[in-house]
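In what follows, a structure is listed as structure tokens, so that the remarks can point back to it.
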Amino acid sequence: MPPKLVQNETVAVGPWEIRCTKKPILDSAEMERWEAELQAPCMPEMVFGNNLLSLTFHAPPPDEHSDAVDTTIEFNCRDALGEWSTRAAKTVCVREGTDTDASLVHVAHSNDWSEKRKETVKTMKKKECDWTFTTYYSGTIKLNGELAHKQGDDNALERLCIIRDTSESIPMEKLTRRDPIHVFAETVLFEDEFDDNGTSLVSVKLRVMPTCLFVLQRFFMRVDDVMFRVVDTRIFHDFGKPYVLRQKQVREATFKELEGQLPSDRSSLAQEHLIVPLLPLKSEVNEEIRLDGCPVSSSPSASASPSSPSSPSS
């Protein structure tokens, strides 16, 4: 039996409510409004502003004196771009004759690229931004429909005792089993092709199996003849447990570092499943997010991360 495809609808899976939307890109008027509201120096070519993947867990009241708590983990385009634009205004863009920075890159064919996007380059020179649209966004968390924290203030979740670092990792062996997939969803948040000099893409996929659900949000960036960068956020719920696991990873490498490993066929460089395994892990964070509204222990277990993906300089 084929899996249930969730597209522009909401479906229930036990205590979970899953919503996925796939809509057209924003029109020019909407793009201008978003650019102004986000205070963004530039915008990706294709912004799917109405696309999102949302998972809401309806937990019963912990006792007769307490209210039920709905916990939502959502991946949406606006917050993904918001994380990027907040940093973009603060970061130096690498251009001809400037110092390089580990978190930014320079298009190999910069003269052609600059010529095609004269106005964008002018804006970037004024605002100084990361034109690769690298986002370290790892989802938006809501409690009973209200934001649990402001954009960029992930520490608020720790103060609310909703989230903590954990030594428990996602059991990848369970995800590689050939279990039947009951529900599947997929959507794209934004994309840019750097005027045929590469790609910058944020996609989100979900699958529900008999004993668990799994979400992968991936930022995949390729700047031709320069570098690759991947920022992954994984969500895993083992049904029956009062928490989900969230894993955040950053991987990247230059073309020079991957010399002799890349596919000879240039068209294969866009195939994520071929490229991602080649990229060295730069940082990893494993977290536990409570689903029942009860605070987690005040003594978090050790983090299994060398450094946080929220630090682009890693």
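The values are calculated or read from the model by the stated rules, or taken from the named source; none is laboratory data. Everything quoted here is computed from the prediction, not taken from an experiment. Note: ideal-geometry Cβ built from the backbone for every residue, glycine included; neighbour counts use all protein chains shown. When the accessible area is computed, the model is the full protein with side chains, heavy atoms only, and any ligands, DNA or RNA have been set aside. Shrake-Rupley method; radii C 1.70, N 1.55, O 1.52, S 1.80 Å.
With r defined as the distance between the Cβ atoms of ALA68 and ARG178 and R0 fixed at 30 Å, what FRET efficiency is calculated, to the nearest 0.05? Please list the in-between numbers first.
Values: r = 36 Å, r/R0 = 1.20.
For R0 = 30 Å, the calculated efficiency reads 0.25.
For ALA12 and HIS273 in the same chain, what is the full-extension length gain: residue separation times 0.36 nm, less their Cα-Cα distance, in nm?
On the way: separation 261, 0.36 × 261 = 93.96 nm, distance 3.02 nm.
Full extension from ALA12 to HIS273 adds 90.9 nm.
Taking the alpha-carbon centroid of each part, what is the distance from the range 58-82 to the range 208-226 in angstrom?
Computed from Cα coordinates, the inter-centre distance equals 23 Å.
Quick check: pseudo-label points 7 Å beyond the Cα along Cα→Cβ at GLU259 and GLU45, how many nm apart are they?
So the two model labels end up 3.0 nm from each other.
Taking +1 at the Cβ of each Lys and Arg and -1 at the Cβ of each Asp and Glu, which of ALA185, MET172, LEU206 sits farthest along the dipole of the range 172-215 towards its positive end, judged by Cα position relative to the Cα centre?
Looking along the dipole axis, the top candidate is MET172.
Roughly how much of ILE162 is accessible, in Å² to the nearest 10, using a 1.4 Å probe?
20 Å²
Determine the dipole magnitude for the range 230-287: charges of +1 sit on the beta-carbon of Lys and Arg, -1 on that of Asp and Glu, nothing else is charged, the reference point is the Cα centre, and the result goes in debye to the nearest 20.
Working: 8 positive and 9 negative charges, 33 e Å.
Computed charge dipole of the range 230-287: roughly 160 debye.
So, in nm, how far is label LYS4 from label ALA29 when the simple model puts each one 7 Å beyond its Cα toward the Cβ?
3.7 nm
Can you compute the modelled spin-label distance between SER167 and VAL188, with each label point 7 Å from Cα toward Cβ, in nm?
It works out to 4.3 nm between the two label points.
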